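The values are calculated or read from the model by the stated rules, or taken from the named source; none is laboratory data. Note that the structure is a prediction, hence the values are computed from the model and not measured. Cβ: placed from backbone, ideal geometry, glycine included. Neighbour counts: every protein chain shown. SASA here: full protein model, heavy atoms, side chains in, ligands and nucleic acids out. Shrake-Rupley method; radii C 1.70, N 1.55, O 1.52, S 1.80 Å.
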Amino acid sequence: IQSWLTDHDGKLRVAYAIVDGVNTQIRYRETEAEPFRPVLTTNFKEGVSFATFTPDNKLVYAITNLGRDKSALVLMDPATCEELEQLYTNDKYDLGGIWYSDAQKKLQGVSYEGHKGVRRHFFDKATGEMFGRMEKHLRGYEVGISGWNKAEDKYIVYAGGDRTMGAYYLYDVKADTMTKLADLAPWIEEQQMAEMTPVTYTSRDGLEIEGYLTLPVGKTLHNAKNLPVVVNPHGGPWARDSWGFNPEVQFLANRGYAVLQMNFRGSTGFGRKFTEIAYGKWGQTMQDDITDGVNWLIEKGIADPAKIAIYGGSYGGYATLQGIVKDPDLYACAVDYVGVSNLFSFLQTIPPYWKPMLDMMYEMVGNPEKDAEMLRENSPALNAERIKTPLLVVQGANDPRVNINESNQMVEALRSRGVHVDYMVKDNEGHGFHNEENRFDFYRAMEKFLAKYLKGVEPQGGIVPESDRR
């Protein structure tokens with residue numbers, strides 16, 4: 001059992017179970033005296049999530065993508081999972097969550113993540129007006145609700161944005177007052193941070209790709225010309241980049257780089273089709289979406305074609321390696337952070353807790369037997385002879401998801417050809433660095449590496465590997 005749901009009287013009525021390691025089963029009962037019984041089983045492509053019961057505890061408000069591309073808010077019979085009425089859907093984005101009032105016993109709104117932050121649709125006029133008053137107090141910031149009292153006349157409100165980690169406030173509904181409680185990072189000067197601009201470009205096969213362009217402070221889309229650029233594809237890959245404060249992006253922008261992030265096909269939140277067209281397309285059309293974003297920046301005159309780097313972690317690390325395999329002349333340098341290099345060994349060394357998901361992984365990534373040729377063609381370590389781009393590889397020795405062998409074989413394949421690779425291994429890290437001193441070492445090394453190849457600044461003493469794995 002993965003999770004539970006009670007009705008408004010606190011009675012335990014719903015259980016969510018994982019069966020076969022992948023499929024989700026909803027189990028339901030009318031009363032606590034009855035046993036749970038299965039009412040619906042969905043695969044990893046589908047989803048039904050009961051958000052909460054209706055005020056009378058008979059039906060449920062559910063978010064589902066069954067029979068549709070974008071997830072919708074529906075009224076559903078929990079005993080059968082029969083959809084009774086569609087209450088709201090968005091034509092571009094999947095829905096995220098609902099806003100239900102326990103005090104007023106009614107559904108108030110639904111939210112989803114758009115191109116620039118969270119967006120809301122209100123069913124209750126008074127709630128929408130109250131939220132509008134909150135936003136008026138915090139004009140220019142993205143506003144969210146973090147907590148409230150039982151009377152629902154006082155709210156803890158978060159206000160954030162792309163240039164601040166944000167702050168928390170106490171909002172008094174009756175008095176219409178907003179009182180600051182705390183800044184999350186008061187040492188960050190907002191005016192010194194760079195703006196993250198939502199951008200859109202078209203892929204070579206006609207898909208609209210949403211992304212984010214962060215320019216160094218003082219630069220705008222109108223005056224940014226021939227800048228050094230760091231292309232930063234996200235990990236996952238079944239995840240997404242979002243508008244908001246990103247410390248890594250701010251770090252790079254502060255050093256004078258434009259940063260391009262993009263939600264390539266396979267990214268989540270854009271509907272089933274957008275995700276599923278990426279199945280079996282690692283390093284192929286997924287990679288093309290990244291390349292098309294780079295070429296868009298070049299065509300706009302924003303990027304200096306000779307000063308473009310690519311950097312990513314996990315799947316983003318794979319995309320980094322595949323990028324310098326497929327387009328060796330496009331990037332001046334590359335930084336691979338805990339990235340996959342060989343799709344065969346990646347699938348063979350998945351951790352024990354992923355084993356039940358193997359069939360799903362075979363469909364989403366590829367089957368080593370049926371798709372051997374495709375996997376071989378799109379494994380950077382097996383195509384290392386195409387790589388000539390300067391590379392920094394960063395890896396945790398105890399990584400359970402992307403085994404250290406992924407980085408070792410990549411480095412060995414290049415060094416055997418006499419290609420110089422900087423390699424940093426931290427023995428006390430797993431999938432991504434969590435120890436602060438290691439993070440400092442990584443970012444210092446990346447800063448020197450990028451400065452050398454994008455600005456022509458030779459680092460003092462070079463980059464020293466943090467391990468004897470040389």
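Values for this structure:
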read-out: Residue list for region 296-311, filter: crowded, with 22+ Cβ neighbours inside 10 Å and not aliphatic (A, V, I, L, M); value: 311
read-out: Helices (runs of 4 or more DSSP H) fully within region 331-377 counting 2 or more residues that are closer than 26 Å to residue 387 by Cα; value: 343-348, 372-377
read-out: Any chance residue 293 is assigned to a loop (DSSP other than H, G, I, E, B) and open to solvent by less than 30 Å² (accessible area, probe 1.4 Å); value: no
read-out: Residue list for region 332-345, restricted to those being of a type in the set (Ser, Thr, Tyr) and open to solvent by less than 10 Å² (accessible area, probe 1.4 Å); value: 341
read-out: Pair list, Cβ < 6 Å and 6+ apart or interchain, from region 1-22 residues that are in contact (Cβ under 8 Å) with a residue 60 or more places away in the chain to residues that are part of a strand (DSSP E or B); value: 8/53; 14/5; 14/28; 14/50
read-out: Extreme residue, nearest to residue 233 (Cα to Cα), among residues of region 325-347 that are under 24 Å from the mean Cα position of the chain (by Cα) and aromatic (Phe, Trp, Tyr); value: 337
read-out: Selection within region 173-197 - part of a strand (DSSP E or B) and in contact with a strand residue (DSSP E or B) (Cβ under 6 Å, 6 or more places away or on another chain); value: 178, 179, 180, 181, 182, 183, 196, 197
read-out: Residues of region 229-248 classified as of a type in the set (A, V, I, L, M) and within 12 Å of the chain's Cα centre (by Cα), total; value: 1
read-out: Within region 12-36, considering residues that are under 25 Å from residue 102 (Cβ atoms) and touching a Ser or Thr at 6+ places or on another chain (Cβ under 7 Å), the one surrounded by the fewest Cβ atoms within 10 Å (Cβ to Cβ); value: 12
read-out: Identity of the residue in region 348-390, within 23 Å of the chain's Cα centre (by Cα) and of a type in the set (Ser, Thr, Tyr), that ends up farthest from residue 413 (Cα to Cα); value: 353
read-out: Any hit, region 409-420, residues being of a type in the set (Gly, Ala, Ser) and touching a strand residue (DSSP E or B) at 6+ places or on another chain (Cβ under 6 Å); value: no
read-out: Test for residue 70: is it more than 30 Å from residue 151 (Cβ to Cβ), among the charged types (D, E, K, R) and in contact with an Asp or Glu (Cβ under 6 Å, 6 or more places away or on another chain); value: yes
read-out: Odd one out for residue 381 among (1) more than 23 Å from residue 451 (Cα to Cα); (2) assigned to a loop (DSSP other than H, G, I, E, B); (3) among the aliphatic types (A, V, I, L, M); value: (2)
read-out: Which numbered condition residue 172 fails, given (1) farther than 22 Å from residue 114 by Cβ; (2) under 23 Å from the mean Cα position of the chain (by Cα); value: (2)
read-out: Of the criteria (1) more than 30 Å from residue 359 (Cα to Cα); (2) in contact with a helix residue (DSSP H, G or I) (Cβ under 7 Å, 6 or more places away or on another chain), which one residue 294 fails; value: (2)
read-out: Which numbered condition residue 251 fails, given (1) touching a strand residue (DSSP E or B) at 6+ places or on another chain (Cβ under 7 Å); (2) open to solvent by 10 Å² or more (accessible area, probe 1.4 Å); (3) of a type outside the set (Val, Ile, Thr); (4) touching a residue at least 60 places away in the same chain (Cβ under 8 Å); value: (1)
read-out: Residue selected from region 390-437 under the condition open to solvent by 30 Å² or more (accessible area, probe 1.4 Å) and among the polar types (S, T, N, Q), by the criterion farthest from residue 347 (Cα to Cα); value: 435
read-out: Residues located in region 312-326, provided they are open to solvent by 10 Å² or more (accessible area, probe 1.4 Å) and either touching a Leu at 6+ places or on another chain (Cβ under 9 Å) or farther than 18 Å from residue 261 by Cβ (or both); value: 326
read-out: Test: residue in region 122-139 that is open to solvent by 20 Å² or more (accessible area, probe 1.4 Å) and of a type in the set (Ser, Thr, Tyr); value: no
read-out: Looking only at region 147-169, and only at residues there that are part of a loop (DSSP other than H, G, I, E, B) and within 29 Å of the chain's Cα centre (by Cα), the one that is nearest to residue 263 (Cα to Cα); value: 162
read-out: Test for residue 427: is it of a type in the set (Asp, Glu) and touching a strand residue (DSSP E or B) at 6+ places or on another chain (Cβ under 6 Å); value: no
read-out: Candidate set from region 256-274 (those that are touching a helix residue (DSSP H, G or I) at 6+ places or on another chain (Cβ under 9 Å) and surrounded by fewer than 21 Cβ atoms within 10 Å (Cβ to Cβ)); member that is nearest to residue 70 (Cα to Cα); value: 268
read-out: Within region 42-67, considering residues that are in contact with a helix residue (DSSP H, G or I) (Cβ under 9 Å, 6 or more places away or on another chain) and surrounded by 15 or more Cβ atoms within 10 Å (Cβ to Cβ), the one nearest to residue 8 (Cα to Cα); value: 65
